[in-house]
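Below: one structure, written as structure tokens.
The values are calculated or read from the model by the stated rules, or taken from the named source; none is laboratory data. Please read these numbers as outputs of a predicted model, since none were measured by experiment. Positions of Cβ are generated from backbone atoms using ideal geometry, with glycine treated the same way; all protein chains shown enter the neighbour counts.
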There are 2 protein chains.
Amino acid sequence: MEINVKPVAFVTNKRNTPTDDFWGDTISEITLAEHIPTEAFDDIESFSHLEIIYYFDQVQKETIVFSGRPRGNPAYPIVGIFGQRKKDRPNQIGLCTVELIEHKGRSIFVKLLDAINGTPILDIKPVMKEFGVQKEIKQPSWAADLMKDYWK
Amino acid sequence: MEINVKPVAFVTNKRNTPTDDFWGDTISEITLAEHIPTEAFDDIESFSHLEIIYYFDQVQKETIVFSGRPRGNPAYPIVGIFGQRKKDRPNQIGLCTVELIEHKGRSIFVKLLDAINGTPILDIKPVMKEFGVQKEIKQPSWAADLMKDYWK
């Protein structure tokens, strides 16, 4: 079973190289692809946060793995690909919750998106409180360590 | 630009019809597709919550819209497709945060997944606190109204 998808929008920002950390200052413009009408963004500004599903288009198929140490760090355990957020993963799909700063016609401007310049976007969804985590989040200690400089 | 993806897993549960509400009691089994090795789930149980990106395979292309009233409810405003979570959307991608109950070999069992029996899954990611919303969530009043019976 093969599924075809098509980018609905593209990212423009100042990050041209895939690097791991320091995403806190990056403002990204997300512009609708040609085949998507402007109305797809109507009233999006009634939400403060969005979920952005995107495609890691720079990933080479040969680097995709099914398990490994997060960021290759020997201090972390070997975990399956679905127990980590590494980009070199089956289907190369990324996901990030962002803050919406502004909506202007065919573009939105967002903060806290960890995708580089030119990244194709597959979907955009508004964050609703009711879809959020209702219980305490449990995570291994390597996750907090890995994330320590991510949003700086 | 066309992108090909392939299901990495499939959902098994008791919901066979796409209906809107009352997902609170549904337990779903998510089983890896044949081409994904078992190790892809290694240590996934070190996380309490997962993000499930799936494909609304029952949606017919003709029903996809770019804007409209959420659930067709005349009491709600017309909003763009990226300002609502309707399933009849470009690329037919669904997204839900679930609670992980158990990991058993090639299967995981989860709660609070809003996908029906047989749904193809495109990716699974662990929820890390650092990726969560750090500020207060703002949403329109129709969103809370629409969600009132969703998790019952």
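Put simply, of B:LEU95, B:LEU100, B:LEU122 the only residue that is in contact with a helix residue (DSSP H, G or I) (Cβ under 6 Å, 6 or more places away or on another chain) and in a strand (DSSP E or B) is B:LEU122. In the set (1) at the interface with chain A (Cβ under 8 Å from one of its Cβ atoms); (2) outside any strand (DSSP E or B); (3) surrounded by 21 or more Cβ atoms within 10 Å (Cβ to Cβ), B:GLN139 fails one condition alone, (3). Does A:ASN117 fit the bill of being surrounded by 14 or more Cβ atoms within 10 Å (Cβ to Cβ), in contact with a Leu (Cβ under 7 Å, 6 or more places away or on another chain) and among the polar types (S, T, N, Q)? It is false that A:ASN117 is surrounded by 14 or more Cβ atoms within 10 Å (Cβ to Cβ), in contact with a Leu (Cβ under 7 Å, 6 or more places away or on another chain) and among the polar types (S, T, N, Q). Specify which of the listed residues (A:PHE22, A:PHE47, A:PHE56) is farther than 22 Å from A:PHE131 by Cβ, at pLDDT 95 or above and of a type in the set (Phe, Trp, Tyr). So the residue among A:PHE22, A:PHE47, A:PHE56 that is farther than 22 Å from A:PHE131 by Cβ, at pLDDT 95 or above and of a type in the set (Phe, Trp, Tyr) is A:PHE56. Say we look at segment A:76-115 and pick out the residues that are in contact with a Lys or Arg (Cβ under 7 Å, 6 or more places away or on another chain), over 18 Å from A:ILE64 (Cβ atoms) and of a type in the set (Val, Ile, Thr); which of these is farthest from the other protein chains (Cβ to nearest Cβ)? Among those residues, the one meeting the criterion is A:ILE101. Scanning segment A:34-44 for residues that are touching a residue at least 60 places away in the same chain (Cβ under 8 Å) and within 8 Å of another protein chain (Cβ to nearest Cβ) yields A:PHE41, A:ILE44. Looking only at residues that are over 19 Å from B:HIS35 (Cβ atoms) and either hydrophobic (A, V, I, L, M, F, W, C) or modelled with pLDDT under 95 (or both) in segment A:59-72, which one is farthest from the chain's Cα centre (by Cα)? Checking each candidate, the answer is A:GLY72. For segment B:2-20, how many residues are surrounded by fewer than 17 Cβ atoms within 10 Å (Cβ to Cβ) and closer than 24 Å to B:PRO90 by Cβ? The qualifying residues number 7. Candidates are the residues of segment A:116-136 that are facing another protein chain (nearest Cβ under 9 Å), β-branched (Val, Ile, Thr) and in contact with a Ser or Thr (Cβ under 9 Å, 6 or more places away or on another chain); the one that is farthest from A:VAL11 (Cα to Cα) is A:VAL133. Taken over segment B:1-33, the criterion of being away from chain A (no Cβ under 13 Å), farther than 30 Å from A:HIS35 by Cβ and among the hydrophobic types (A, V, I, L, M, F, W, C) is satisfied by B:PHE22, B:ILE27. Is it the case that segment A:87-96 has a residue that's crowded, with 18+ Cβ neighbours inside 10 Å, among the β-branched types (Val, Ile, Thr) and either under 17 Å from the mean Cα position of the chain (by Cα) or modelled with pLDDT under 95 (or both)? Within segment A:87-96, one or more residues are crowded, with 18+ Cβ neighbours inside 10 Å, among the β-branched types (Val, Ile, Thr) and either under 17 Å from the mean Cα position of the chain (by Cα) or modelled with pLDDT under 95 (or both).
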